[in-house]
Each structure stands twice: as structure tokens, then as C-alpha cells.
Amino acid sequence: NNWYNPVVRELVCAPDFSGDVKPLAKRLSPPISPEQAQRSVELLLDLGLIKKSGKRFVLTDPLVSTGPVVDSIAVVSFHRKTAQLAAESFDRHTRQERTITSCTVTLSDEHFQMLKRESADLRKRALELAVEPDGVNRVYQLNIHLFPVSKSAKKEDPL
């Protein structure tokens, strides 16, 4: 349920990882402590999400995903924290390093469901791209937020 466990998972398996958690901890944005990085590596090993291969760590599976409909307490906590990190990204990263955009729209239930499916398709495409190793040089977090900011309009309840 920590936001940084998936990031650590990706970084420890990168070809340039030396095995030292101190520079690893500093590489995260925001940085974590070396102790947090070490506990994360141990957790990932215990969960079987990475394994040791000689002096290197390797992914046991190129993708780990809960799928679009899992609603456990840990996943909800993870999503809350990554949403918070997205907000903090305004101050932490330049516009060239991030893309955060929004719009407020009026939608029918049908169009909401359509956008929900398209969001799931975008997530799936991001996972497909993640397994292509060419040119990989940074770990990103993709959050897609689509949620109501009003109650559903009823004909008998005009504004």
C-alpha cells in the first residue's frame, strides 16, 4: 500500500542498479529513506514480485496489476497517495516532466460509461508499453481521474 513499492520494484531491476539502496532511495521523487527502500526490497522479495539472479534483481513477472475493479483497503490507500503525489507534482516537477490536465463536463450516463471504458483502455495500453524495454529511463505513475462533482440531475429537482 506504499506508493513507492512499485517504483522500487522497477528501479531495483534496472540495469544500472548497483545494489545500494541509498542512491535508490534518493532517486525516487519524492525521495524516501534508505531504510524504507531496504524494507521495500525485502517486501518485494518476500511477495515474490522480484527475485535474485546472481548479483542482480529480476522481475518475476513483467506486469503486476490489480485490474481496474479491485477495491481493497490497500489499493484504495495506494490510489489516495498517488492522487496526493499527482497534486504535489505541480511543485515537484516542471511542466515538461508531467502532464496533468482536467476539464469539467456534463455527461450522460452512457457517455460516462464510455469514458470509463476508454480510461481502462488507456491503462491497458500503458501496461503494454511498460513491457517494451527499449529506451526505458524513468518510472512514471499514471493516474486517471474521472469522478462526479455533482449529484445526478432529476427532472423533479431543478437547480
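The values are calculated or read from the model by the stated rules, or taken from the named source; none is laboratory data. Fair warning: this is a prediction, and the values are worked out from it, not measured in the lab. A quick note on method: Cβ atoms are made from the backbone with ideal geometry, for glycine too, and the neighbour counts reach across all protein chains shown. All accessible areas refer to the heavy atoms of the entire protein, side chains included, with ligands and DNA or RNA removed. Shrake-Rupley method; radii C 1.70, N 1.55, O 1.52, S 1.80 Å.
Assorted remarks:
Yes or no, residue by residue, for (1) in contact with a Phe, Trp or Tyr (Cβ under 6 Å, 6 or more places away or on another chain); (2) modelled with pLDDT under 90; (3) open to solvent by 70 Å² or more (accessible area, probe 1.4 Å):
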residue	(1), (2), (3)
G67	no, yes, no
S77	no, yes, no
A87	no, yes, no
T99	no, yes, yes
Q113	no, no, yes
K116	no, no, yes
A153	no, yes, yes
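- Among the residues of segment 72-119, the ones that are without any contact (Cβ under 8 Å) to a residue 24 or more places away in the chain, assigned to a helix (DSSP H, G or I), within 30 Å of R27 (Cα to Cα) and of a type in the set (D, E, K, R) come to 4 in all.
- Residue check for A14: under 23 Å from L127 (Cβ atoms) and either among the hydrophobic types (A, V, I, L, M, F, W, C) or open to solvent by less than 70 Å² (accessible area, probe 1.4 Å) (or both): yes
- Number of the exception - N1 against (1) out of contact with any helix residue (DSSP H, G or I) (no Cβ under 6 Å at 6 or more places or on another chain); (2) open to solvent by 60 Å² or more (accessible area, probe 1.4 Å); (3) at pLDDT below 90: (1)
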